[in-house]
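Some notes on the structure that comes next.
The values are calculated or read from the model by the stated rules, or taken from the named source; none is laboratory data. Keep in mind the model is a prediction, meaning the values are calculated, not measured. Positions of Cβ are generated from backbone atoms using ideal geometry, with glycine treated the same way; all protein chains shown enter the neighbour counts. Only protein heavy atoms, including side chains, enter the accessible area calculation; ligands, DNA and RNA are left aside. Shrake-Rupley method; radii C 1.70, N 1.55, O 1.52, S 1.80 Å.
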Amino acid sequence: MRIVVIVLLFLCCGSALPALAEPVEIRENGCKECHRFSSHDKEFYKGPDLFFAGNKFYKNWLTKFLQSPMVIREVNVFSGSNVLREESKAIDSHVALKEDESERVTNFLMTLRLPNLELGKVDEEPLSKGERARAKVLFERTFGCISCHRALNLVGKVRGGVSGPSLINSGERLKPDWVFNWLKKPQQFMHEGRMPVYDLNEETTVLITKYILNIRKNP
Amino acid sequence: MLPVFVVVLGCGSETIPSQAETPKIDAIESIDSQSVEMMISVTQETRQLYQRYCAQCHGVKGKGDGINALYLVVPPRDHTKSDYLETRTDQQLFNAIKLGGLAVGRAPCMPAWEHTFEDKIIHTLVNYIRELCNCKTL
């Protein structure tokens with residue numbers, strides 16, 4: 001009986017434990033000068049918002065990215081006037097962390113999540129050839145995603161705009177649930193983005209999510 | 001499969017919409033029947049919206065030289081040039097913004113903004129484009 005009580009107490013207290021403390025690396029590296037860690041922070045539009053990093057990124061990818069940053073979006077966006085300027089196509093180098101620092105920061109970022117997202121809508125079934133062709137038409141023509149996002153053409157050559165994040169190899173970076181929710185209702189992540197809002201039904205959202213996450217370029 | 005690929009490769013070309021896109025054209029006709037000559041003046045908000053959304057492709061000053069312009073098969077429209085824009089009615093510009101390029105027989109790279117902007121906002125953007133080109137429909 002005592003053991004049961006102790007276990008129950010542990011479970012109750014455990015669930016009430018505060019989220020992982022913010023590691024010092026966040027402050028030391030000035031992460032909050034470019035990224036928002038809370039939806040209440042002023043919008044920067046410089047680095048991506050991180051207050052839903054746990055919903056959005058795969059842990060393994062994020063750990064590696066923080067050690068060897070790569071360019072995801074080729075333009076910097078200035079916060080002052082909220083204007084994409086011609087000269088903004090210069091890339092600020094992202095700080096690189098050591099392995100242990102990267103793991104601490106990643107573990108913390110993984111705790112940053114939004115509640116009430118729709119989960120489990122995207123199954124693991126790969127797209128058939130026909131579905132892939134249909135999704136490509138939707139992606140490139142119907143919704144014009146290619147205008148702002150890097151993707152691949154039929155022979156694997158890089159094409160597409162640069163004002164949005166690159167979607168090449170995005171399946172290594174982005175979680176399907178997050179992409180689904182972003183496409184369905186981007187306002188829950190960002191008050192005003194730069195992407196058009198689409199009124200997609202669930203089937204189309206799943207189709208495009210799977211298509212996006214399968215834009216793969218071999219190294 | 002070939003027809004599908006032809007459609008995909010057509011992204012960026014100014015082709016006539018395919019049969020499958022006909023419902024969009026119907027939508028345009030229904031909008032045409034409405035009175036859209038609303039006098040909505042350009043505000044600071046209009047300019048900011050243009051900068052936030054349109055400038056990505058059309059450029060900060062509307063010259064068609066936005067950050068994405070270099071990567072598009074069809075160059076984004078230069079909104080400061082009247083040659084083409086004075087051949088378009090305000091309704092045609094409204095439709096292009098609201099329903100996207102594909103729906104009006106233009107480049108599919110221009111997305112539809114119908115779920116992003118209310119109609120009155122789109123009208124103000126049309127008026128702002130008229131300001132940029134310093135032109136009216138002929």
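In sequence order, what are the phi-derived ³J(HN,Hα) couplings for the stretch A:47-57 according to the Karplus relation 6.51 cos²θ - 1.76 cosθ + 1.60 with θ = phi - 60°, rounded to whole Hz, with x for glycine and proline?
Per-residue couplings from phi come out as x, x, 4, 10, 6, 10, 4, x, 6, 8, 9 Hz.
Name the trypsin sites (Lys or Arg not before Pro) in the stretch A:127-219 that are in a loop by DSSP and that have at most 14 other C-beta atoms within 10 Å, would you?
Loop-located and lightly packed - A:157, A:216, A:217.
Show A:105, A:137 ordered by accessible area, largest first, where the area counts protein heavy atoms only and the probe is 1.4 Å.
The ranking, largest first, comes out as A:137, A:105.
If you place +1 on the Cβ of every Lys and Arg and -1 on the Cβ of every Asp and Glu, how big does the dipole about the Cα centre of the stretch A:129-213 come out, in debye to the nearest 20?
Here the size comes out at about 360 debye.
Could you go through the stretch A:141-152 in sequence order and give the Karplus-derived ³J(HN,Hα) for each residue, using 6.51 cos²θ - 1.76 cosθ + 1.60 with θ = phi - 60°, rounded to whole Hz, and x for Gly and Pro?
For the stretch A:141-152, the Karplus curve yields 9, 5, 10, x, 4, 5, 5, 10, 10, 5, 8, 10 Hz.
May I ask you to rank A:140, A:28 by accessible area, largest first, using a 1.4 Å probe over the protein chains only?
The ordering from most to least exposed comes out as A:28, A:140.
What's the buried accessible area, both sides, between B and A using a 1.4 Å probe, rounded to 100 Å²?
Interface area, both chains combined: 2900 Å², rounded to the nearest 100.
Please turn the phi angles of the stretch B:75-81 into ³J(HN,Hα) values with the Karplus equation 6.51 cos²θ - 1.76 cosθ + 1.60 (θ = phi - 60°), one per residue in order, whole Hz, x for glycine and proline.
x, x, 4, 7, 7, 9, 9
Can you list residues whose amide H is under 5 Å from residue A:198's amide H, if they're 5+ apart or on another chain and H is modeled 1.01 Å from N?
Those lying under 5 Å, H to H, from residue A:198: there are none.
Under a 5 Å amide H to amide H cut-off, with H placed in plane at 1.01 Å, what residues pair with residue A:152 once short-range neighbours are removed?
Amide H neighbours of residue A:152: A:159.
Ignoring ligands and nucleic acids, what accessible area does residue A:101 show with a 1.4 Å probe (Å², nearest 10)?
Estimated to the nearest 10 Å², residue A:101 gives 40 Å².
Just to be sure I understand the model, the point goes 7 Å from the Cα along the line to the Cβ. What's the resulting residue A:158 to residue A:128 distance in nm?
3.4
Sequence-distant or interchain residues sharing an amide H contact under 5 Å with residue B:113, placed H: which?
Sorted by chain and number, the residues that satisfy this are B:98, B:99, B:100.
Per residue, how big is the convex hull around the C-alpha atoms of the stretch A:129-213? Give it to me in cubic angstrom, could you?
95
Would you be so kind as to list the residues of the stretch B:65-88 that have their accessible area lowered by at least 40 Å² in the full protein complex compared with their chain by itself (1.4 Å probe)?
B:67, B:68, B:71
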